[in-house]
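Undergrad: Pasting a structure here, questions to come.
The values are calculated or read from the model by the stated rules, or taken from the named source; none is laboratory data. Because the structure is a prediction, the values reported are computed rather than measured. All Cβ positions, glycine included, derive from the backbone under ideal geometry; neighbour counts span all protein chains shown. Each accessible area value is taken on the protein alone, full model and side chains, heavy atoms only, with ligands, DNA and RNA left out. Shrake-Rupley method; radii C 1.70, N 1.55, O 1.52, S 1.80 Å.
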Amino acid sequence: MRKKLGLILFFLIFAGICAAGLLYMYLMSWADRPVGSAALEKLFTVTPGQGLTQTAKALQQEGLVSDAFRFSILARLDKKEKLLKAGEYFFSTTMTPREILEQMVKGRVHLYRLTIPEGYNLAQIAAAVSAAGLESYKVFLETARNPQTARQLGIEADTLEGYLFPDTYYFPRGLDSATIIATMVKQFRAAFNTAWEQRAKDLGMTVHEVVTLASIIEKETGDPEERPLISSVFHNRLKKGMRLETDPTVIYGIPDFDGNIKRRHLETRTPYNTYIIKGLPPGPIASPGALALEAALYPSQSDYLYFVSKKDGTHQFSTTIKEHNAAVKKYQLRKRKR
């Protein structure tokens, strides 16, 4: 009798093991099958603190997995139920449950592309950040203009104008303004290396002065190859104690500029009106790129003191006021009459 009971118990255990094995094989087969063959991408969000059960149900509701319960079992068997990372993900219906699970465990969140062109000022950068859906215009701009933010990042200025480096960035949604700004400042520091810092000292300039000058060069440049020449004009004028007399600085100092600079603007005293103040303005007027920074540090050797736009993206450079007036007459006044 005991042998018979033992045999029955053995077969029950064996049957249980076989059943468990079959269920495991079935689950593993399910884990490697996508829910559909047609590729349909969906943005899926895991909120902070969201548990496995809630996540699995949401995946089923979105049609990304066929069975929330089996997905939960899969995560628990792999001991990954507590490893899911919050964020936005792009999942496809051609992905298997295992691939979806791995993406959430590794935190491969969807990244939003943010491109900051050379010459953008803080307001324009804030607008680009807002357009990318990363942060509100107002919050970003307030953070970037906060002196405390600049101090925390080691920038010796009242705002971060000029220090948010132009580049293409990829950010996940949910980051705060301070984190986005810190990343851009880090890119600036990577570009402005120790060799450039030493060059600034050799020129008798601070980093802030170099960035300020570079921002003006950036805004004045139509043809990128002219940057060193434009830089030479400003360096020459600074050495002679001449005013820089550059329109972009005047425009920067005009609240709500409408795109049409007038004589009254040139005659209105502001900290940025270089037709009135001597030397550089108090800070950058935009974010210069690496080439503008390099031009500010390594200007061409020239005697030029003036330049005027030819209206084709390039400039006519002159050494005397007489030559400059002739160039203005040729390229500006005559074309206005036309």
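Undergrad: Given the Cα-Cα distance of ASP78 and ASP223 and 0.36 nm per residue of separation, how much length would full extension add, in nm?
TA: 46.4 nm
Undergrad: Give the dimensionless ratio obtained when the Cα radius of gyration of segment 46-90 is divided by 2.2 N^0.38 Å.
TA: Ratio of Cα Rg to 2.2 N^0.38 Å: 1.06.
Undergrad: Which three semi-axes in whole Å describe the equivalent ellipsoid of the chain, each the square root of 5 times a Cα gyration tensor eigenvalue, listed largest first?
TA: Its equivalent ellipsoid spans semi-axes of 65, 20, 17 Å.
Undergrad: Quote the relative contact order of the chain in percent (integer), defining contacts as alpha-carbon pairs under 8 Å separated by 6+ residues.
TA: So the answer I get is 14 percent.
Undergrad: Quick check for segment 109-266: number of Lys pairs with alpha-carbon distance under 25 Å, counting only pairs 8 or more apart or on different chains?
TA: Total qualifying Lys-Lys pairs in segment 109-266 comes to 10.
Undergrad: Based on the alpha carbon coordinates of segment 20-141, what radius of gyration and maximum Cα-Cα distance (Dmax) apply, in Å?
TA: Every Cα atom of segment 20-141 included, Rg and Dmax give 18.4, 65 Å.
Undergrad: Would you mind putting 296-304, 228-236 in packing order, based on average other-beta-carbon counts within 10 Å, highest first?
TA: Descending mean neighbour count gives 228-236, 296-304.
Undergrad: Spin-label point model (7 Å from Cα, Cβ direction): what's the SER136 to SER92 distance in nm?
TA: Placing both labels 7 Å along Cα→Cβ, they lie 3.7 nm apart.
Undergrad: Right, another one. Ignoring solvent entirely, what values of log10 I(q)/I(0) come out of the Debye formula for segment 254-317 at 0.28, 0.29 Å⁻¹ when each Cα is a single scatterer?
TA: These q points yield log10 I(q)/I(0) values of -1.22, -1.20.
Undergrad: Further question on the same structure: In whole percent, how big is the carbon plus sulfur part of the accessible area of the chain, probe 1.4 Å, protein atoms only?
TA: Accessible surface attributable to carbon and sulfur in the chain totals 54 percent.
Undergrad: Additional query: What are the membrane-span-like helices in the chain by this rule: whole DSSP H runs, Cα extent along the axis at least 27 Å, mean Kyte-Doolittle hydropathy at least 1.0?
TA: Membrane-span-like by this rule: 2-31.
Undergrad: I would also like to ask the following. Obtain the nm distance between the two label points defined at ASP256 and LYS310 by a simple spin-label model: each point lies 7 Å from its Cα along the Cα-to-C-beta direction.
TA: 3.9 nm
Undergrad: Using the Cα atoms of segment 74-120, I'd like the radius of gyration and the largest Cα-Cα distance, Dmax, both in angstrom.
TA: Over segment 74-120's Cα set, Rg and Dmax evaluate to 15.2, 53 Å.
Undergrad: Right, something else. Leaving out ligands and nucleic acids, note down the accessible area per residue over the chain with a 1.4 angstrom probe, in whole Å².
TA: On a per-residue basis, 56 Å².
Undergrad: A follow-up question, please. Among GLY283, GLY313, GLY259, determine the one that fluctuates most according to a GNM of the chain built with springs between C-alpha atoms less than 10 Å apart.
TA: GLY259
Undergrad: Cut-off 13 Å, label point 7 angstrom out along Cα-to-Cβ of ALA178: give me the residues of segment 137-158 whose amide nitrogen falls inside.
TA: Those under the cut-off are 143-144, 146-154.
Undergrad: Could you give the length gained on full extension between GLN54 and ARG33, defined as 0.36 nm per residue of separation minus the Cα-Cα distance, in nm?
TA: The GLN54-ARG33 span can extend by a further 5.4 nm.
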